[in-house]
Amino acid sequence: MEHAEGRTVPVRRENPGSGGRTRSFWRKFALDLKRDKSLYLLALPGVVFFLIFKYVPMWGVVIAFQNYSPFGGVLHSPWVGLEHFRRFFQTEDFWSLLRNTLGINVLSLVFFFPVPIVVSLMLNELRNAVYKRIVQSVIYLPHFLSWVIIAGLTFALFAKGEGLVNHLLEAAGLERIDVLTNPDTFWIMVTVQSMWKEAGWGTIVFLAAIAGADPQVYEAARMDGAGRFRQMWHVTLPAIRSVIVILLILRLGHIMDVGFEQIFLMYNGAVSQVAEVFDTYVYRTGIQRAEFSYSTAVGLFKSVVGLVLVLLANRAAKKLGEDGVF
């Protein structure tokens, strides 16, 4: 309302609807683009990569609801709805795949996920900078080895006939061990492989988070008489708690992913009952048996479960007072 010559005159104001918010968003984006054009140009190759190789192929999931034929293509293949999902859930393969995938991932979550945190805390306590850099370089190296090399090293060390470990055990008067073809040790073996390969690389994020901790908090803790262990427990761990939560949420999103290359290379007939996971099953049904629609349905189910777990974990984290992923 405005006053003019003693009268109260109603003033018409624009309703800030969705159109106004959209224009405001694009105006702000244009200003940001003009100000930080160099950064946007730097990010452009990554954005294009994700658009081409991550988002555009998502169109292909429609064949999970079709009897896809390479000759008819996506547009001319008959639609069957949820038939492939019903077939998958009714097979005995579903329960064995679910057991194997979750079993390996639970072991990884319990034993592998905390390892980079512990190693980061230990590295942070090293005071000799040269020795610290040497240790970091050494534990980073396995990350750059392919799974083919790691599988070869595993066979060379633990093969029952010619493996180095079994030769040493035999020379010491002990019995040879069967690791590669023993179903009881397969899950443990692949978990240890993952820990050896990726634990060092995983410390990078946690070391960066530790470096951002406020030095004044450490100084206050020392003045209060806290030792190095107490400082680690009461200062360092709380400083990286949000990073731990975010990485845990993202890890839960991959609870149905084990890693095709690793399992495929270590797979053999003796451990097939415990080694067949969703990733290898999709390969065998989709590539080897050419059941494209059925294998796409299996892969889509796996992705949907991961998405749901991320959303639930993110919501739980926010209820507990953490920032979450989004």
(message) Being under 26 Å from Leu102 (Cα atoms) and buried (at least 17 other Cβ atoms within 10 Å of the Cβ) narrows it down to one residue among Val190, Val148; which is it?
(response) Val190
(request) State which residue is nearest to the chain's Cα centre (by Cα) when the search covers only the stretch 150-199 and only residues that are modelled with pLDDT under 90 and among the acidic types (Asp, Glu). (result) Asp178
(message) Of all residues being among the aromatic types (Phe, Trp, Tyr) and surrounded by fewer than 16 Cβ atoms within 10 Å (Cβ to Cβ) in the stretch 76-94, which is farthest from Leu300 (Cα to Cα)? Just the residue, please.
(response) Trp79
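Restricting to the stretch 292-308, what's the tally of residues that are of a type in the set (A, V, I, L, M, F, W, C) and open to solvent by less than 60 Å² (accessible area, probe 1.4 Å)? Walk me through it before giving the result.
Filtering the stretch 292-308 down to residues of a type in the set (A, V, I, L, M, F, W, C) leaves 292, 297-298, 300-301, 304-305, 307-308.
Checking which are open to solvent by less than 60 Å² (accessible area, probe 1.4 Å) leaves us with 297-298, 300-301, 305.
Count: 5.
Of all helices (runs of 4 or more DSSP H) completely enclosed by the stretch 179-238, which ones contain at least 3 residues that are touching a residue at least 24 places away in the same chain (Cβ under 8 Å)? Don't jump to the end; show me each part of the working.
On the way: elements: 186-211, 215-223, 228-231.
Output list reads 186-211.
Can you pull out the residues in the stretch 104-126 that are in contact with a helix residue (DSSP H, G or I) (Cβ under 8 Å, 6 or more places away or on another chain) and closer than 28 Å to Gln273 by Cα?
Correct list: Ile104, Leu107, Ser108, Leu109, Phe111, Phe112, Phe113.
Okay, residues lined up against (1) open to solvent by less than 60 Å² (accessible area, probe 1.4 Å); (2) part of a helix (DSSP H, G or I); (3) touching a helix residue (DSSP H, G or I) at 6+ places or on another chain (Cβ under 6 Å):
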{"residue": "Ser242", "(1), (2), (3)": "yes, yes, no"}
{"residue": "Val245", "(1), (2), (3)": "yes, yes, yes"}
{"residue": "Arg251", "(1), (2), (3)": "yes, yes, no"}
{"residue": "Asp257", "(1), (2), (3)": "yes, no, no"}
{"residue": "Ser272", "(1), (2), (3)": "yes, yes, no"}
{"residue": "Tyr281", "(1), (2), (3)": "yes, yes, yes"}
{"residue": "Arg284", "(1), (2), (3)": "yes, yes, no"}
{"residue": "Ala290", "(1), (2), (3)": "yes, no, no"}
(request) State yes or no: is Val277 under 30 Å from Arg315 (Cα atoms) and either touching a Cys at 6+ places or on another chain (Cβ under 8 Å) or open to solvent by 50 Å² or more (accessible area, probe 1.4 Å) (or both)? (result) no
(request) Would you check which residues across the stretch 96-115 are open to solvent by 80 Å² or more (accessible area, probe 1.4 Å) and among the β-branched types (Val, Ile, Thr) and list them? (result) Val110
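Taking the conditions exactly as written (open to solvent by 40 Å² or more (accessible area, probe 1.4 Å) and not in a helix (DSSP H, G or I)), does Glu175 satisfy them or not?
On the way: open to solvent by 40 Å² or more (accessible area, probe 1.4 Å): yes; not in a helix (DSSP H, G or I): yes.
Yes, satisfied.
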(request) Return the residue satisfying two criteria in turn: it lies in the stretch 116-135 and is in contact (Cβ under 8 Å) with a residue 40 or more places away in the chain and over 14 Å from Ile244 (Cα atoms), and of such residues it is surrounded by the fewest Cβ atoms within 10 Å (Cβ to Cβ). (result) Glu125
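The values are calculated or read from the model by the stated rules, or taken from the named source; none is laboratory data. Given the structure is predicted, the values throughout are model-derived calculations rather than measurements. Note: ideal-geometry Cβ built from the backbone for every residue, glycine included; neighbour counts use all protein chains shown. The accessibility values were calculated without ligands, DNA or RNA, using every heavy atom of the protein model including side chains. Shrake-Rupley method; radii C 1.70, N 1.55, O 1.52, S 1.80 Å.
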